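Novice: The structure under discussion is supplied below as structure tokens; questions concerning it will follow.
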Amino acid sequence: MNQTVGDQASRPIAVIVEREGLGDVILKLPLLRAIRHARPDREIWWISAHDTAMQTAVLPYVEGGIARVMAELDFTEPLLQGMRTLKTLPPFSAVFDTRTRVASVLAARLVLRYDEYYACLPGLNRRVGAPWWDRRRPKHIGERALNLAYQAFDPVDASGRIAASAGAEALAATILPPSEPWIGFAFGSNKTWKNWPLERFVALARELRSLGYRPVLLAGPDERAALPVLAGSAPDVDVVDMTAMMIDAPRGKLDAPLALAPSLKLLVANDCGLGHLFGAAGVPVVSLFGPTRPERWAPNAPASRIVSAQDFGGEAMTDIPLAAVVAATLDFARELGVRPAG
């Protein structure tokens, strides 16, 4: 235990992160919920060395869960400068450090003031369901973060949901009526090398539609450039431009996808933020993986199927054949009890 000063009863809890896209933050939400349920009397500070989607997108949807977000503090490199930055922070009741670089974590443990410190380093983690002596660090980002809560609390309650505003949900029900067997496609990402080819998503949509399902391509900011291409080459395929949804009194920029989630029976997605978001909102997900690894980045969804390029002897998204995704989607739909229209 590090030495602390100040009023112990008023110290906040710190969650320390590195750099986070939308998917990274979504995978850590169970940790946030577990802390909130276990310590409802404490403020939670989300402290990031670099940029974080918690600040730019997710915060409105964890209302009451986080008192303060501190981003781009640059406390990782150079190490000595970062230690000086961390030294300016107040004492904490507990620190949950989700980072994995040994030097950075040990530096923070040395200079921060706290009562309790929980880290993801091997030897310190207690894996869920593993014997007491098994201290290996979990591979999956979400499991790794949630294991910090298992170090601190017994029992751990990570329940909760992420939801849109009421106005967004009402609009979404008119765009995708929940009674229809909608199968959504999150067909982009912020990295082109993580994307299954667009023409294969189009072919998948046509195949599913021929069988009576209602496939729909979901376009967010990363996918808007593809809309003119789809309009010209695939006018028969349903597309929803989520960035153009005119929502009354939105909670934040994630209102559109979160509002559409209840209408979707399942989602086919690249390894992307939208895949993680829909999974966290309760949509079963067929996840397509190429260069990235599902054991590390699979979405936290109520049910999921993985189709990986490695299963077909490759690393690129183009190595995933259309027939494999058609089969996985149809098998999953039948397993979930999703029936074609009519």
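Novice: Select from the range 149-181 the residues that are assigned to a loop (DSSP other than H, G, I, E, B) and either closer than 13 Å to residue 32 by Cα or hydrophobic (A, V, I, L, M, F, W, C) (or both) and list them in ascending order.
Specialist: Those that are assigned to a loop (DSSP other than H, G, I, E, B) and either closer than 13 Å to residue 32 by Cα or hydrophobic (A, V, I, L, M, F, W, C) (or both): 153, 156, 157, 158, 159, 160, 161, 162, 163, 164, 176.
Novice: Which fully enclosed strands (runs of 3 or more DSSP E) of the range 1-92 have 1 or more residues being of a type outside the set (Ser, Thr, Tyr), open to solvent by 50 Å² or more (accessible area, probe 1.4 Å) and touching a residue at least 24 places away in the same chain (Cβ under 8 Å)?
Specialist: The qualifying strands (runs of 3 or more DSSP E) are 68-70.
Novice: Another question, then. Regarding residue 304, is this residue farther than 25 Å from residue 59 by Cα, modelled with pLDDT under 95 and either surrounded by 22 or more Cβ atoms within 10 Å (Cβ to Cβ) or among the hydroxyl-bearing types (Ser, Thr, Tyr) (or both)?
Specialist: The answer is no for residue 304.
Novice: Taking the range 108-141 only, how many residues are open to solvent by 10 Å² or more (accessible area, probe 1.4 Å), modelled with pLDDT of 90 or more and of a type outside the set (Phe, Trp, Tyr)?
Specialist: So the count comes out to 8.
Novice: Counting only residues that are in contact with a Phe, Trp or Tyr (Cβ under 6 Å, 6 or more places away or on another chain) and free of Cβ contacts under 8 Å to residues at least 24 places away in the same chain, how many does the range 323-341 have?
Specialist: 0
Novice: Just need a number here: residues in the range 8-26 that are touching a strand residue (DSSP E or B) at 6+ places or on another chain (Cβ under 9 Å) and closer than 19 Å to residue 273 by Cα.
Specialist: 7
Novice: Restricting to the range 182-198, give me the number of residues that are free of Cβ contacts under 8 Å to residues at least 24 places away in the same chain and assigned to a helix (DSSP H, G or I).
Specialist: Residues that pass the stated criteria total 1.
Novice: Checking residue 157 against (1) open to solvent by 30 Å² or more (accessible area, probe 1.4 Å); (2) at pLDDT below 95, which test does it fail?
Specialist: (2)
The values are calculated or read from the model by the stated rules, or taken from the named source; none is laboratory data. In this text, all values refer to a predicted model and were calculated from it rather than measured experimentally. Neighbour counts run over all protein chains shown; Cβ positions are idealised from the backbone, glycine included. What goes into the accessible areas is simple: the full protein's heavy atoms, side chains included, and nothing from ligands, DNA or RNA. Shrake-Rupley method; radii C 1.70, N 1.55, O 1.52, S 1.80 Å.
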